[in-house]
Amino acid sequence: MKVVLQNLTKIYPSRDKGPDVTAVNDFTFEIPDGKLIGLLGPSGCGKSTTLNLISGLETPTSGKIFFGDDDVTNLPPENRGIGLVFQSYALYPHMTVLQNIMFPLENFKGKDRLSKEEMKEKAMEAARLVQIEPYLERKPAQMSGGQQQRVAIARALVKRPRVLLLDEPLSNLDARLRLQTREEIRRIQRETGITTVFVTHDQEEAMSISDQIVVMKAGVVQQIDNPQDVYDHPVNLFVASFLGTPPINVFDGEVRDHMLYIGEDAVMKVDLEDRKVIVGIRPEGFILDENGPLCCSLTGVQVMGRDTSVVSSHPASRNPTVCSIISAENKVTGDTVRFRLKPFKTILFADDTEQALDYSVLE
Amino acid sequence: MEKQSLKGWIYLLPALAFLAVFMIYPLFDVLVYSVEEGYNSASQTSFGIGLYNYAYVLHDPYFIQALKNTFILVIITVPLSTGIALLIAVGLNSITKLKELFQTIFFLPYVTNTLAVGLVFMILFKKTAYSDGLVNLLIQSFGGTSVDFIDGPYWAKMFVLCFYTVWVVLPFKILILTSALASVNPDYYKAAKVDGATKWRIFTRITLPMIAPMLFYLIITGFIGAFKAYSDAVALFGTDLNAAGMNTIVGYVYDMLYGTGGGYPSYASAAALILFAIVLTITCINLLISRKSTAV
């Protein structure tokens, strides 16, 4: 089931005479059938509001939502056929796991009504899918966070929703479990083929799990693309900074006579007119080179096993430190360290609009 | 370790001493009084030890009347007040406008002087030389005959007592239930709504179980409070409750000690212990039920 969002806008009226808050601003997007979409952005960027609009818990100020060809904009949540998983799981603490999973089925009315056996059958099926059958008689409090999350997913899936919505489902788990559950969600989504929207503020999570990523900021969609393209070709400085750990290094630069300068260092020839630019360099974009053009003063070296993180500083850097990741075979000593740059990992932005600039490197 | 615990006990000593003198010793003394037959408070002597006091109390028609009154009061007011409080709390929880105002209004009786409340009830129910009371005026305007609620038939008096009790205990229950309702994670409601549960199902399957511990707390304290009712009856019917036929068990105990024709600490103690046994039994039953239904 494809999901179409058409000029979706949600404005919250002001409280205490403040200005109105536009949580989601003119969001247009078609989520392809059976794909997993990651809604990514910092707190307050409107990603959860978008999810609530799709679920029907909130109604849009303007714009339309379609599930397939059905206009669901004004349907209440219970008639949309969605499954929703909360950050807090929202498992009913007084019910057993089985009762929790069966709860959505018990609400069916009229001809959809199921017998006890059918309900149990379907609940067991969902439990099998998320692999929690041994715990069906337990209460949620007797389970670990990861298991509770699986129950929540089973409960969302049991009535065969047209769309599955996950609101920060991994935030309450510890790091190792988060990694596991992430894989699990991916597997379940593939097996069921249900169109899924996944909200997160964790860029790594979004990149690893999604078919496509929607990056949002202050209610406005910044970029929609597959994870690798969002990372490699960010449309603006915000997207570039939001994705990647360690974050991208940002420098003030300038193009003079087709030469790109970072501070006073002439780093590469580019096909741009003379102008001021912002230079973004991914940590993996640095190559250690004694004769390299970019000269930084060395602050320290952090050994991470597989790689080495070189922490240095540069006068033109917008951040106090410049972080570069190089292979662990290299030895770094002395007061200064010189780098060559990988053009593919060096992204230029307009200094005024912060939009990415198209450029090629001249040899 | 030993030194540590000694220090702890020293810290506890003032409170323990206080409890021992004013709680434990009197409790023990009540037990002793209740089994001393023919105790004379002037000479501080008794004939012997036995259960005669209990037998006397249990055969005393005044005690039987007090027992009956108390049970009726408990059985009517506890479920009624808890139910009404729940309704009001749910209502309060579902409105957004003027919520604070209504909360304050519903809580006012809790901070209002008992005498003032008594006065208000008098105006509402009491027949005087000048007026039949507001309620009677209402009844008359609907074509009924006026009833004397204070000195009239038993059911009228019991009605006033129950009404008064419910009204007095409501604010506290509403307060507890509103906060219990507000503390339920809204995600539960969202999840249930998405899953298509009707309002009624959400209330019975989610809200009620979630606030069940608070409900049981209110029911248990409500039972205990209602069994110990006394001042309410006095406020409505005056101090001679036996004559009014509206005595309660605690009232009976008081009368046996200090009332006209009182001065029988042995009978009073026996009655107090009978009340204790009743409250203990009911509380145990309540706890057993609540354990069973809210077990995790």
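The values are calculated or read from the model by the stated rules, or taken from the named source; none is laboratory data. All of these numbers come straight from a predicted model, not from anything done at the bench. Note that each Cβ is placed from the backbone with ideal geometry, even for glycine, and that neighbours are counted across all protein chains shown.
The table that follows gives values for the structure above.
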read-out	value
Residues that are outside any helix (DSSP H, G or I) and closer than 21 Å to residue B:29 by Cα, drawn from segment B:250-293	B:259, B:262, B:263, B:264
Residues located in segment A:89-108, provided they are among the polar types (S, T, N, Q) and either at the interface with chain B (Cβ under 8 Å from one of its Cβ atoms) or touching a strand residue (DSSP E or B) at 6+ places or on another chain (Cβ under 9 Å) (or both)	A:107
Some residue of segment A:109-128 being more than 22 Å from residue A:192 (Cα to Cα), surrounded by 18 or more Cβ atoms within 10 Å (Cβ to Cβ) and facing chain B (nearest Cβ under 9 Å)	no
Residue, modelled with the lowest pLDDT, within segment B:12-58, restricted to residues that are assigned to a strand (DSSP E or B) and over 16 Å from residue B:256 (Cβ atoms)	B:45
Selection count where residues are under 14 Å from residue B:194 (Cα atoms) and part of a helix (DSSP H, G or I), scope segment A:103-123	4
Close pairs (8 angstrom Cβ cut-off, 6 or more residues apart or separate chains): without any contact (Cβ under 8 Å) to a residue 24 or more places away in the chain in segment A:337-363, of a type in the set (Asp, Glu) and in a strand (DSSP E or B) anywhere	none
Some residue of segment B:50-64 being in contact with a strand residue (DSSP E or B) (Cβ under 9 Å, 6 or more places away or on another chain), without any contact (Cβ under 8 Å) to a residue 40 or more places away in the chain and loosely packed, with under 14 Cβ neighbours inside 10 Å	yes
Residues satisfying the stated conditions in segment A:312-363, i.e. assigned to a strand (DSSP E or B), charged (D, E, K, R) and closer than 26 Å to residue A:230 by Cβ	A:340
Checklist (1) farther than 30 Å from residue A:24 by Cβ; (2) of a type in the set (Lys, Arg); (3) under 25 Å from the mean Cα position of the chain (by Cα) applied to residue A:64, failing item	(1)
Exclusive hit being without any contact (Cβ under 8 Å) to a residue 24 or more places away in the chain, over 14 Å from the mean Cα position of the chain (by Cα), within 14 Å of chain A (Cβ to nearest Cβ) and on the phi < 0 side of the Ramachandran plot, set B:208, B:257, B:288, B:215	B:208
Close pairs from segment B:188-200: first facing another protein chain (nearest Cβ under 7 Å), partner part of a loop (DSSP other than H, G, I, E, B), Cβ under 6 Å, at least 6 apart	B:188/A:90; B:190/A:57; B:191/A:90; B:195/A:107; B:196/A:107; B:197/A:107
Check on residue A:44, assigned to a loop (DSSP other than H, G, I, E, B), touching a residue at least 12 places away in the same chain (Cβ under 8 Å), more than 11 Å from every other protein chain (Cβ to nearest Cβ) and out of contact with any His (no Cβ under 7 Å at 6 or more places or on another chain)	yes
Residue check for residue A:37: assigned to a strand (DSSP E or B) and over 15 Å from residue A:168 (Cα atoms)	no
Residues of segment A:48-88 satisfying the condition of being surrounded by 21 or more Cβ atoms within 10 Å (Cβ to Cβ), assigned to a loop (DSSP other than H, G, I, E, B) and away from chain B (no Cβ under 14 Å)	A:60
Segment A:286-301, residues that are surrounded by 13 or more Cβ atoms within 10 Å (Cβ to Cβ) and either modelled with pLDDT of 90 or more or in a strand (DSSP E or B) (or both)	A:286, A:287, A:288, A:294, A:295, A:296, A:297, A:298, A:299, A:301
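Results for (1) closer than 24 Å to residue B:76 by Cβ; (2) touching a residue at least 12 places away in the same chain (Cβ under 8 Å); (3) not basic (Lys, Arg), shown as yes or no for each residue.
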{"residue": "B:118", "(1), (2), (3)": "yes, yes, yes"}
{"residue": "B:123", "(1), (2), (3)": "yes, no, yes"}
{"residue": "B:143", "(1), (2), (3)": "no, no, yes"}
{"residue": "B:149", "(1), (2), (3)": "yes, yes, yes"}
{"residue": "B:157", "(1), (2), (3)": "yes, yes, no"}
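This table checks each residue for (1) surrounded by fewer than 17 Cβ atoms within 10 Å (Cβ to Cβ); (2) more than 24 Å from residue A:143 (Cβ to Cβ); (3) at pLDDT below 85; (4) not hydroxyl-bearing (Ser, Thr, Tyr).
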{"position": "A:158", "(1), (2), (3), (4)": "no, no, no, yes"}
{"position": "A:163", "(1), (2), (3), (4)": "no, yes, no, yes"}
{"position": "A:183", "(1), (2), (3), (4)": "yes, no, no, yes"}
{"position": "A:187", "(1), (2), (3), (4)": "yes, no, no, yes"}
{"position": "A:191", "(1), (2), (3), (4)": "yes, no, no, yes"}
{"position": "A:200", "(1), (2), (3), (4)": "no, no, no, no"}
{"position": "A:204", "(1), (2), (3), (4)": "yes, yes, no, yes"}
{"position": "A:214", "(1), (2), (3), (4)": "no, yes, no, yes"}
